[in-house]
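Below is one structure, written out as structure tokens; comments come after it.
The values are calculated or read from the model by the stated rules, or taken from the named source; none is laboratory data. Computed from a predicted model, the values in this text were never measured in an experiment. With ideal geometry, Cβ positions are generated from the backbone for all residues, glycine too; neighbour counts draw on all protein chains shown. Note: accessible area is taken over every heavy atom of the protein model, side chains too, but ligands, DNA and RNA are not part of it. Shrake-Rupley method; radii C 1.70, N 1.55, O 1.52, S 1.80 Å.
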Amino acid sequence: MDHFKKVNDTHGHICGSLLLKEIGNLVKRNLRDIDSAYRYGGDEFILLLPQTSKRDAFKVAERFCDLFARTSIKLKKDVHVKITASFGVTSFPEDGNDRNKLVFLADQAIYQVKQRNRNDVGVA
């Protein structure tokens, strides 16, 4: 998630934890039954999309960028936040057959997106 630390700094860690939970639920509701999502690190998620080409995974990531950007999440009675996210797409076995390598490449793609503008998708 982009600028997640700002949510914690502005509204507190309880709101940050609630935001993570709500984002997780939003992701889960918008995946196919065969897909899965995992929290990875502080504010990062890994989406596993079996039977999905790299091109289609890119489209899924773009869809999530749009979904997050237009979703307002209620954290407290008078606190609603909008959050954006940056995505890195890798594909097995095209980009590697080792999960550590795939995560590393996805991280590199995300860092490139965050250096450019955030709220976008990078591809390994």
Residues in the range 17-44 that are open to solvent by less than 60 Å² (accessible area, probe 1.4 Å), without any contact (Cβ under 8 Å) to a residue 24 or more places away in the chain and either aromatic (Phe, Trp, Tyr) or within 20 Å of residue 69 (Cβ to Cβ) (or both) total 5
Among the residues of the range 32-44, is there at least one that is closer than 15 Å to residue 2 by Cα and of a type in the set (Ser, Thr, Tyr)? yes
Within the bounds of the range 48-68, is there any residue that is more than 24 Å from residue 112 (Cα to Cα) and surrounded by 12 or more Cβ atoms within 10 Å (Cβ to Cβ)? no
Only one of 114, 82, 101, 77 is surrounded by fewer than 19 Cβ atoms within 10 Å (Cβ to Cβ) and modelled with pLDDT of 95 or more, namely 101
So residue 56, is it over 25 Å from residue 16 (Cα atoms), out of contact with any strand residue (DSSP E or B) (no Cβ under 7 Å at 6 or more places or on another chain), of a type outside the set (Phe, Trp, Tyr) and modelled with pLDDT of 95 or more: yes
Hey, any hits in the range 33-44 for a residue that's over 27 Å from residue 116 (Cα atoms), touching an Asp or Glu at 6+ places or on another chain (Cβ under 9 Å) and of a type in the set (D, E, K, R)? no
